[in-house]
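Asks: My questions will all concern the structure given below.
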Amino acid sequence: MSTLRSYKTRIRRICNLRPTSPRTGVLSACCLIAIAAFVPASASRAGDWPGFRGVDGQGIAPESTTLTQSEAVQLDVAWKTPIGSGYSGVAIADGRAVTMFSDGTNDVAASFDAKTGKEQWRYTIDATYKGHDGSHTGPITTPCLAADHVIGLSPRGRLFGLDAATGKLNWSTDLVKDHGAKKPHYGFSTSPIFAEGVLVVQVGGAQGAIMGFDPTSGKRLWSAGEDGVQYQSPVALTGPDGKTIVVAASDKKLLAVVPNDGTVLWDYDHGGNGATGAGSITPVPAGTNRFFIAHKGNASSGLSVSHDGDTPEVTSLWESRTIRNSYNVPVYQGGYVYAYSSRFLTCVDAKTGESAWRSRAAGDGFTILVDGHLVIASKDGTVHVARATPEGYAGVTKMQVCDELIWAPPSFADGSIFVRSMGELARIDIHSKQGGITPEPTMAAAKTKFDRFLRTVEAATDKTALVDRFMKVQNSFPIIEGDNMIHFVYRGEATDVAVAGDVIGGRQERVMTRLAGTDLFHCTVTMEPDARTNYVFIKDYEQILDPRNDRATATTVYGKEMQIFSGEGAMPMSWVSMPKWHEPKHLVAASGGIKGRLDTIELDSKALEAKVTVNVYVPAGYEGSKGRFPVAYVHNGKDALERGKWVTTLDNICGKNVQPMLVAFFSNPTRGKGKAYAEMFATELVPLMDSTYRTIASAEGRASIGMGFPGVTALAVALSQPGVVGKVGLQSLFMFGSMRAPIDEHLKTASEQPITIYQEWGKYDLRNPQEAWDLAQTNRDLAKELRDKGYDPRGGEVHDGTGWSSWSLRTDVMLKTLFPKG
């Protein structure tokens, strides 16, 4: 935690203001700014929840006694109705519950009777917006209800107004075509707001960062700001004189505008960065003179505004990682902010940024505040109710409501909770309950030896002695039972322990269960008999290796908290293998024998306008031979040498299992120059190798090889430069969205473009089912596409994870497939 310097804010005028209608799309970290006390600006009916995060955008329900009238409550599903995929929350007003989703063909807005769940009308917005690069299909923003209007915004940028009673279109306008907006990568995500009778929308682009529209006609009334916009949403603030302003964050600035005419009152360089920071800022009220805005992806900080001089001064109060890396928007009560930090719930002191407590009890999800209680919609489909207190997580009740993923905050109207998943819309009623909180269920019947041990300890008086005895007789950890079961076990002083790794997925972990009355935590997963996986423990929210397992490796694919491509360098991980997995011998350095050498040559590339350093493996016996050698070109050469142990592998297999070969290790010194890179490869690097060494100077003597992102490059280069290489080796292509473009452009049938292909990936490769990305499936789809075009890709799916600790295990198999010894 650190105190930062003070900043002078360029402000034309700032009043004593009160945030009242913040709405947003995504939040991952927060920044605290002082303004004033908060007063709702909306004139909505008291029981309504008319837009994203309620009446005033704070995520706090209007005063009620639904959860305070009894010490014990229970949840009951009043109704559920099927809908389609989407991130849009539920807006409720005048007995209507409105949301947006994909029906499989089109994106739609639909109204449902809030009492019965019966659909009242449905409006087709546009063809379905397909999810991509880690997003689900369907609309993203939450509709806004006011008076007789329903306002929605499609992912492609179509802003439209409907009649609330009939769903009939009143008007529509295209933010891209009509207002110069640039569509964010994942689509338009900002949730519109009403302020002083004006529809305010963050747009971005040359014509304005934020715009005001007539809600009855869609006519643009004004525009303000010049910065870009990604996934931010505006906030309405009301001063003591009753006048309203709107504060919004663009990619670089915060700015305040008058909603009536768009006059800019002040702007401020917020200094944020990153898509999950500056790209998704939203103000979150947090007491008198305080609210949060997202400014960094991995930290939160507090700012204060003073008005002592002529020029207001913005001062940073603190910066902390206590709230970070989450798409949930926090709620505030009684001096504390309740938020998700990564995937655990936390309570943070709004004045200092210090954490009061952390808990995984509710799982990862989205929060609102009702009657001093947190109402949480967890991503696994469960609704939780807990008292909002800085003393610790205080669960009251919970209920599994949806089977599908939830990725939208709950709503609360007329005493009921509304949630939507990727497949259902539901209303949950809250009732008083006699007899207190329902206790957690006891353990299920024992099915395995480990289960029987747990049951025995559960029933014993001297639990510690039984656990001691059990731990001493284990041959290794984790405990392998049968040929497909892993029991992860941690023993020691701890409050919270979780396990994360390949088998769980990126940006995920699984909570380990504490055996009651002991210091033993456990979690069981199943894998194939020949599988291998990397993992870590997270003890009291700090990542550690398994202290009882000395098998360790490292990954550059994941970072702390299983963030992907964190850029933090290699992260240590433990690893475990199943009984039928066999450790390869090619990675063990031979104690004797003749070994190859590693040359270094420099290529001054005209195509790239950069120098390319090439390390060339020359096999043993090359100098004494007059023959010619095949060449393998490895596109992520630096990592292959440092992390893949390619030299050791080549020394072990060249001339034995595979043909003696030359291997050129190099990396792309520039990014974003795909065509120039392919030109460098075909017209500069290959000729340089052919003129420097005795190579087989034909396509059949050359292989283009890559792993991860460079795997995509390796395939694209081979396809775009026909006749240069005749073999391709691929491991775990990290292929997202537009990265497919050069492959789609150049991929032909096998008869038109004959290439031998080795393509391999792990079943537990880079993936996160909740965020809709699974590179194992991406590789499966590519393999099928290749087969459909007549290719016969070898390799296939292996029961392993991702990164060099996996890829290096099968370097010998790949090279033997491409260059078998005759």
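Asks: Could you sort the peptides 620-626, 140-146, 654-660 by per-residue average Cβ neighbour count (10 Å cutoff), highest mean leading? Walk me through the intermediate numbers first.
Replies: Numbers: 620-626: 11.1, 140-146: 27.0, 654-660: 18.4.
Peptide ranking by packing, descending: 140-146, 654-660, 620-626.
Asks: What FRET efficiency comes out for Asp174 versus Asp76 if R0 is 35 angstrom and r is the Cβ-Cβ distance? Round to the nearest 0.05.
Replies: 0.20
Asks: Alpha carbon centre of the stretch 512-537 versus the stretch 749-777: separation in Å?
Replies: 28
Asks: Just to verify a number: FRET efficiency for Ala610 and Thr315, C-beta to C-beta distance, R0 = 51 Å, to 0.05?
Replies: Values: r = 44 Å, r/R0 = 0.87.
The computed FRET efficiency comes out at 0.70.
Asks: If packing is taken as the mean number of other Cβ atoms within 10 Å per residue, what is the order of 326-337, 672-683, highest first?
Replies: 326-337, 672-683
Asks: Can you work out the PRE-style zone for Ala697? Point 7 Å along Cα to Cβ, and I want the residues of the stretch 594-637 with backbone N under 16 Å.
Replies: Under cut-off, by backbone N: 627-631.
Asks: Counting only helical runs of four or more DSSP H residues, what would the 222 nm mean residue ellipticity of the chain come to if each run contributes -39,500 (n - 2.57) and the total is spread over all its residues?
Replies: Numbers: 12 runs with 98 residues, N = 822.
That calculation yields -3000 deg cm²/dmol at 222 nm.
Asks: Here's another thing I want to ask about it. Return the distance in nm (one decimal) between the two label points of a simple spin-label model at Ala570 and Glu63, each offset 7 Å from Cα along Cα→Cβ.
Replies: Here the answer is 6.2 nm between the modelled labels.
Asks: Return the whole-Å distance between the Cα centroid of the stretch 573-620 and the Cα centroid of the stretch 684-704.
Replies: 18
Asks: Now, a different point. Using Cα-Cα distances under 8 Å and only pairs 6 or more residues apart, what relative contact order does the chain have, in percent?
Replies: Here the relative contact order equals 10 percent.
Asks: Once you order the gyration tensor axes a ≥ b ≥ c over the Cα atoms, which shape class does the stretch 148-289 get: rounded for a/c under 1.5, otherwise prolate or oblate by comparing a/b with b/c?
Replies: On the way: a/c = 1.69, a/b = 1.21, b/c = 1.40.
Oblate.
Asks: Now a separate question. Any idea of the accessible area per residue across the stretch 710-762, 1.4 Å probe, to the nearest Å²?
Replies: On a per-residue basis, the stretch 710-762 sits at 33 Å².
Asks: While we're here: Ranking request for peptides 387-397, 739-749, 769-779, 250-260: highest mean number of other beta-carbon atoms within 10 Å first, then the rest in descending order.
Replies: Put in order of decreasing packing, that is 250-260, 769-779, 387-397, 739-749.
Asks: Using a Förster distance of 56 angstrom, determine the FRET efficiency expected from the C-beta separation of Gln207 and Ala554, and round it to 0.05.
Replies: 0.70
Asks: Among rounded, prolate and oblate, which fits the stretch 197-280 when a ≥ b ≥ c are the square roots of the eigenvalues of its C-alpha gyration tensor, a/c under 1.5 means rounded, and a/b larger than b/c means prolate?
Replies: Verdict is oblate for the stretch 197-280.
Asks: Classify the stretch 614-705 from the C-alpha gyration tensor, please: rounded if a/c falls under 1.5, else prolate or oblate depending on whether a/b exceeds b/c.
Replies: Judged from the Cα gyration tensor, the stretch 614-705 comes out oblate (a/c at least 1.5, b/c at or above a/b).
Asks: Just add up the charged neighbours of Ser806: K/R +1, D/E -1, any other residue whose Cβ is under 9 Å from the Cβ of Ser806.
Replies: It works out to a net charge of -1.
Asks: Which of Lys130/Lys816; Lys580/Lys656; Lys595/Lys675 have a Cα-Cα distance over 31 Å?
Replies: Among Lys130/Lys816; Lys580/Lys656; Lys595/Lys675, the Cα-Cα distance tops 31 Å for Lys130/Lys816; Lys595/Lys675.
Asks: Turning to a different aspect of this structure: Report, in cubic angstrom per residue, the convex hull volume of the C-alpha atoms of the stretch 520-636. If you can, show how the numbers build up before the last one.
Replies: Details: hull volume 24.7 nm³, N = 117.
Measuring per residue, one finds 211 Å³ for the Cα hull of the stretch 520-636.
Asks: To continue, here is another question. Expressed as a whole number of Å, what is the distance separating the alpha-carbon centroids of the stretch 51-108 and the stretch 185-247?
Replies: Distance between centres, Cα-based: 24 Å.
Asks: Hey, what D do you get for the chain in µm²/s if you plug the Kirkwood alpha-carbon radius into Stokes-Einstein at 4 °C and 1.567 mPa s?
Replies: Approximately 44 µm²/s, per Stokes-Einstein.
Asks: Further question on the same structure: How much of the accessible area of the chain, probe 1.4 Å, is carbon plus sulfur, in whole percent? Write out the running numbers ahead of the final one.
Replies: Details: 15640 of 32280 Å².
Looking at the chain in its full context, I get 48 percent from C and S.
The values are calculated or read from the model by the stated rules, or taken from the named source; none is laboratory data. Just so it is clear, the model here is predicted, and its values are computed rather than measured. A quick note on method: Cβ atoms are made from the backbone with ideal geometry, for glycine too, and the neighbour counts reach across all protein chains shown. Each accessible area value is taken on the protein alone, full model and side chains, heavy atoms only, with ligands, DNA and RNA left out. Shrake-Rupley method; radii C 1.70, N 1.55, O 1.52, S 1.80 Å.
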